[in-house]
1. For the chain, which whole-number percentage of the solvent-accessible area (1.4 Å probe, protein heavy atoms only) is attributable to carbon and sulfur atoms?
2. Hey, got the dipole for the stretch 97-239? About the Cα centre, +1 on K and R Cβ, -1 on D and E Cβ, debye to the nearest 20?
3. Please list, in chain and number order, the residues 5+ apart from residue 309 or on another chain whose amide H is under 5 Å from its amide H, with Hs placed from the backbone.
4. Among 63, 43, 117, which residue has its Cα furthest toward the positive end of the charge dipole of the stretch 1-143, with +1 on Lys/Arg Cβ and -1 on Asp/Glu Cβ?
5. Would you work out which of 196, 162, 176 lies farthest towards the positive end of the dipole of the stretch 119-206, given +1 charges on the beta-carbon of Lys and Arg and -1 on that of Asp and Glu, about the Cα centre?
6. How big is the charge dipole of the stretch 1-152 about its Cα centre, in debye rounded to the nearest 20, if each Lys and Arg gets +1 on its Cβ and each Asp and Glu gets -1 on its Cβ?
7. For the chain, with only Lys/Arg (+1) and Asp/Glu (-1) charged at the beta-carbon, what is the dipole magnitude about the Cα centre, in debye rounded to 20?
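The values are calculated or read from the model by the stated rules, or taken from the named source; none is laboratory data. This is a predicted model, so every value here is computed, not measured. Cβ sites come from the backbone with ideal geometry, for glycine too, and all protein chains shown count toward neighbours. The protein model used for the area step is the full one, side chains on, heavy atoms only, and it has no ligands, DNA or RNA in it. Shrake-Rupley method; radii C 1.70, N 1.55, O 1.52, S 1.80 Å.
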Amino acid sequence: MADGQTHQASAEQATISVRGLWKIFGPAEHKIIGTPLAELDRAELNNTTRSNIAVRDVSFDVQPGEVFVVMGLSGSGKSTLIRCLTRLIEPTAGEVLLDGEDLRKASPTRLRELRRHRFSMVFQHFGLLPHRRVIDNIAFGLEVRGEGKEARRARASEILSLVGLDGQADRYPEQLSGGMQQRVGLARALAVDPEVMLFDEPFSALDPLIRRDMQNEVIRLHNEMGKTMIFITHDLSEALKLGDHVAIMRAGEIVQVGRPEEIVGAPADDYIADFVSDVPKSHVLTLRWVMRDVTPDDPNDGPEFGPDTVIRTVVRTAASTPKPIRVVQDGQLMGVVDRVQILTAISGGEPS
């Protein structure tokens, strides 16, 4: 599934399905798609038409309850892409389906309803209301939705505790650290109980330690609440840490979609290979990725782990026994991993 085709094939089950999405800025916006102009690189197109393709024919699916990360360098089109999903930026062409409903066909009234009830967005810049206390910032989305003061304060208090802001309800944003302000932004997004949460580089401005804490917070909340999340980042380590699937963008296009271990273990081209060259494979690849078939010479016992176990977590076990690790799922033996495969992964070699 390194090319993401299996992931895209299950569109009928997806929460979000994006098909053939384009966004072109400039006077020739609606004259480029389907013509030779669409084949020009960005510089040539801009010189010819004074227009720029920010998102070029992008397709992917986001399954219910997964974290889908879009990663790319500055100018790759990732932030434009996420804004197109909720039509904060109007796409030029293509489809954005939410449980089968084409959001591009939604009326302004329907779109407002979807934004209030089914989507929430967390930005890099927190956008907190400086004259409102933390509790009221968290409840703001519920207020916009028309819920009563008592109900929204009760919900905000519940979420405040969930994101670790106990004791901060009556403080103002300027009295909080950057990390705590981002927790308020996260709590505000969670308060409306959205089906889909969209994160646009929310931790980019935070220092490394706070950023790590916030990444762990997102993982914890995802495990507890099971929200479908689309996360934008320029940081590969963040993408690999958070994503169930990762899409890597370059010049408006998606170069590869796959699970983190697929991105690291089977890069689609030299561009991706260069990106992941410094990533320790044992920190990303799973036993599923390196296991081999069972042979008659393999023992019938030994340590057992699930197929999605990351290799580095079994190193100590592998070193303590001569027997291969048995990869077991739902009581079924899927394969085995021996010391050679473990050592190959640790040394950065290709899995066999």
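1. 49 percent
2. Result for the stretch 97-239 is approximately 460 debye, rounded to the nearest 20.
3. Placed amide hydrogens put 287, 288 under 5 Å from residue 309.
4. 117
5. My answer, from the dipole projection, is 176.
6. Here the size comes out at about 720 debye.
7. In debye, rounded to 20, the chain gives about 1240.
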